[in-house]
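Asker: My questions will all concern the structure given below.
Quick note: the coordinates plus some simple rules give every number you see, no bench work behind them. Since we're looking at a predicted model, the values are computed, not measured. Using ideal geometry, Cβ is built from the backbone for each residue, glycine included, and neighbour counts are taken over all protein chains shown.
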């Protein structure tokens, strides 16, 4: 028998190989989904035509309009929105020590809706000329309104978190969301019928209405939020072990909290202003990444959440805009079908949330 034999792979080598495969998947899956977004739809476009269009080459008639005016801005919006909401969820779950925290669950998205509704009402009161500038919610006024509304709810949630339990905080956020919907109805009562219809369409949640003009604001604002999240990875890791431990590690707890909350507003505000209230992505994306990477380290989770959030945003939009004969699917119900089972699994696994005692 030959004395030469294959040496067993060390555990470190195996872990490194698994890590490479995981990150390759996290990068490759959203890239593949992005390509599918540009090719799949009611009108199928060949990948060669997509590449030719993006590179400015000759393509079949109508393909340029389909890609540049419809699918490319929608795909970019879906990827950015999913990534932004995923980062929001990750930071909120750490700050509030709540596995079900997210911009939608805590009422922050509803607060942003109120802000946008207030902008619409203000435009209607000022006059028709001013009103026309808000037809597509395309100005920074919508972003400012959404950010202010989100900040207001965030302040209420931060104050409530010091006084109530994890479960009570979720109920508190749910009640704020219902109250926000009621306030939106009151505000829309003072707008005209045209604007009310525009708002109703926007409030369904969709990436399809995002324009290149809006992406000029959405891209840099999202990039700033992502960079801030990366910069806060180390102090947020310290917060995972408690405020006292974070202070002993030299972290400025108050500054970290304010910076993280500001980052959430900077990400959730523009996404809600331009895409409408998007549900579930903020809650489920961090849990998906924790399950894949098996870590709570924000230095790894933050880039992973950006990539996985982009993938989940693209998946939902692909389902909605697939090559169906009838197009009755809406984004948030699709997100609910994807995210609902994940949220249920998280609830069943989190024993500290408490049981019914039956």
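Asker: Going highest first, how would you order 228-235, 286-293, 274-281, 76-83 by mean Cβ packing within 10 Å?
Answerer: Output ranking for 228-235, 286-293, 274-281, 76-83: 76-83, 274-281, 286-293, 228-235.
Asker: Percent relative contact order of the stretch 216-301, based on C-alpha pairs within less than 8 angstrom and at least six residues apart? Write out the running numbers ahead of the final one.
Answerer: On the way: 53 pairs, mean separation 31.6, N = 86.
Over the stretch 216-301, the number comes to 37 percent.
Asker: Can you bin the chain into rounded, prolate or oblate? Criterion: square roots of the alpha carbon gyration tensor eigenvalues sorted a ≥ b ≥ c, rounded for a/c under 1.5, prolate for a/b above b/c, oblate for the rest. Numbers along the way, then the final one.
Answerer: On the way: a/c = 1.91, a/b = 1.13, b/c = 1.70.
Oblate.
Asker: Can I ask one more? Where a ≥ b ≥ c are the square roots of the eigenvalues of the C-alpha gyration tensor, would you call the stretch 14-125 rounded, which needs a/c under 1.5, or, failing that, prolate if a/b is larger than b/c, or oblate? Can you show the working numbers first?
Answerer: On the way: a/c = 3.90, a/b = 1.20, b/c = 3.24.
Since a/c reaches 1.5 but b/c is at least a/b, the shape of the stretch 14-125 is classed as oblate.
Asker: Using just the helices of the chain, give the 222 nm mean residue ellipticity in deg cm²/dmol: DSSP H runs with n ≥ 4 each add -39,500 (n - 2.57), and the total is spread over all residues, rounded to 500. Write out the running numbers ahead of the final one.
Answerer: Numbers: 15 runs with 252 residues, N = 358.
Result for the chain, helices only: -23500 deg cm²/dmol.
Asker: Could the peptides 89-100, 42-53 be put in order, highest first, of the mean number of other beta-carbon atoms found within 10 Å of their residues? Don't jump to the answer; show the numbers that get you there.
Answerer: Numbers: 89-100: 22.9, 42-53: 14.8.
For the peptides 89-100, 42-53, the packing ranking is 89-100, 42-53.
Asker: Just order 33-40, 112-119, 189-196 by mean Cβ neighbour count inside 10 Å, highest at the front, would you? Don't jump to the answer; show the numbers that get you there.
Answerer: Working: 33-40: 18.2, 112-119: 26.5, 189-196: 14.2.
Sorting 33-40, 112-119, 189-196 by mean packing, highest first, produces 112-119, 33-40, 189-196.
Asker: In the P(r) worked out for the stretch 134-275, what percent of Cα pairs fall beyond 28 Å? Display every interim value, and only then the final one.
Answerer: Values: 3091 of 10011 pairs.
When all Cα pairs of the stretch 134-275 are counted, 31 percent exceed 28 Å.
Asker: Rounded, prolate or oblate: pick one for the stretch 223-304, where a ≥ b ≥ c are the square roots of the eigenvalues of its C-alpha gyration tensor, a/c under 1.5 means rounded, and failing that, prolate if a/b is larger than b/c, else oblate. Please report the intermediate quantities before stating the final value.
Answerer: Values: a/c = 2.31, a/b = 1.38, b/c = 1.67.
Oblate.
Asker: Same structure again: Report the residues of the stretch 84-106 in range of a label on residue 159: point 7 Å along Cα→C-beta, backbone N strictly under 19 Å from it.
Answerer: Inside the label zone: 96, 106.
Asker: OK, next. With an 8 Å cut-off on Cα pairs and a minimum separation of 6 or more residues, tell me the relative contact order of the chain in percent. Please list the in-between numbers first.
Answerer: Details: 507 pairs, mean separation 106.8, N = 358.
Relative contact order here is 30 percent.
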